[in-house]
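Just so you know, all these numbers are worked out from the coordinates, no wet-lab data involved. All figures in this text were calculated on a predicted structure; none of them were measured in a lab. Here the Cβ positions follow ideal geometry from the backbone for every residue, glycine too, while neighbour counts run over all protein chains shown.
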Amino acid sequence: MWREGRRPLPFVPSPRDVVEKMLSIADPKPDELLIDLGSGDGRIILSAAKDYRCWSLGVEKNVNLVELTKKKITSMGLDKAIVLRGDLYSYDFSEADVLTLYLLPEVLGILVPKFKKMKKGARIVSHDYMIPSLNPSEIYKVRSTETGRLHRIYLYVCD
């Protein structure tokens with residue numbers, strides 16, 4: 001039975017060129033904390049730690065994906081990246097400077113009260129889906145060369 005009536009979330013990775021655009025929009029600084037909820041294979045936290053040298057934390061429920069990400073962190077020698085096995089619904093991400101998301105609208109809707117508790121100036125970057133009841137600061141479009149598909153990236157700046 002699914003916990004609290006919530007079904008398991010599918011693993012659908014963001015294309016690498018979309019990840020690059022998400023990170024360029026968020027522009028994390030070396031002293032900032034980026035958290036990726038539902039981090040999957042870790043591609044966002046790995047890129048953020050490697051290319052932006054920011055502290056990068058992935059929260060992922062699937063133990064196989066957590067182990068895969070841990071191996072990648074070790075093999076890449078990344079000292080500012082970590083992945084935790086955890087539930088995105090209960091994880092406290094209020095201290096994040098950057099929050100990255102590729103989650104379904106119904107999941108984003110459940111998380112809205114937690115988004116509203118994030119610190120002033122924090123950036124939320126959502127791939128393909130708007131956060132219900134919040135207005136994005138900017139909307140970007142990127143056509144992925146990997147998928148050929150047009151993707152939207154929504155930036156929210158917390159106030």
Discussion item. Bin width 5 Å, origin at 0, all Cα-Cα pairs of region 84-126: what percent of pairs per bin?
Written reply: 6, 21, 34, 29, 10, 0
Worksheet item: What residue among Tyr140, Tyr52, Tyr129 has the largest mean-square fluctuation in a Gaussian network model of the chain, using Cα springs under 10 Å?
Response: Tyr140
Worksheet item: Which whole-Hz couplings ³J(HN,Hα) result when phi for each residue of region 137-145 is put into the Karplus expression 6.51 cos²θ - 1.76 cosθ + 1.60, θ = phi - 60°, listed in order with x for Gly and Pro?
Response: 6, 8, 10, 10, 10, 9, 8, 6, 6
Practice prompt. Place +1 on the Cβ of every Lys and Arg and -1 on the Cβ of every Asp and Glu in the chain, take the dipole about the Cα centre, and give the residue among Pro13, Met76, Leu34 whose Cα lies farthest towards its positive end.
Written response: Pro13
Worksheet entry | Two-site label geometry, Ser75 and Lys120: point separation in nm, points 7 Å out along Cα→Cβ | 4.4
Worksheet item: Under 5 Å between amide H atoms, partner at least 5 residues away or on a different chain: which partners does Trp55 have, H built in plane at 1.01 Å?
Response: Glu32, Leu34
Worksheet item: Got a sec? Charge dipole of the chain, +1 on Cβ for Lys and Arg, -1 for Asp and Glu; which of Ala48, Ser126, Leu23 is way out at the positive end?
Response: Ser126
Worksheet item: Where in region 47-97 are there GluC sites (Glu not before Pro) that are in a DSSP coil and have at most 15 other Cβ atoms within 10 angstrom of their Cβ?
Response: Glu95
Practice prompt. Would you pull out the residues with amide H under 5 Å of His151's amide H, same chain only if 5 or more places away, H placed 1.01 Å from N?
Written response: Val142, Arg143, Ser144
Fill in: P(r) tail fraction, the chain - alpha-carbon pairs more than 28 Å apart, %
13
Practice prompt. Return the sequence-ordered ³J(HN,Hα) values of region 105-122 in whole Hz as given by the Karplus equation 6.51 cos²θ - 1.76 cosθ + 1.60 applied to θ = phi - 60°, using x for Gly and Pro.
Written response: x, 5, 6, 4, x, 5, 8, 3, x, 6, 4, 5, 9, 6, 6, 4, x, 5
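Just how large is the dipole of region 12-157 about the Cα centre, in debye to the nearest 20, putting +1 at every Lys and Arg Cβ and -1 at every Asp and Glu Cβ? Intermediate results must be reported in sequence, preceding the final value.
Numbers: 22 positive and 19 negative charges, 21 e Å.
Dipole size: approximately 100 debye.
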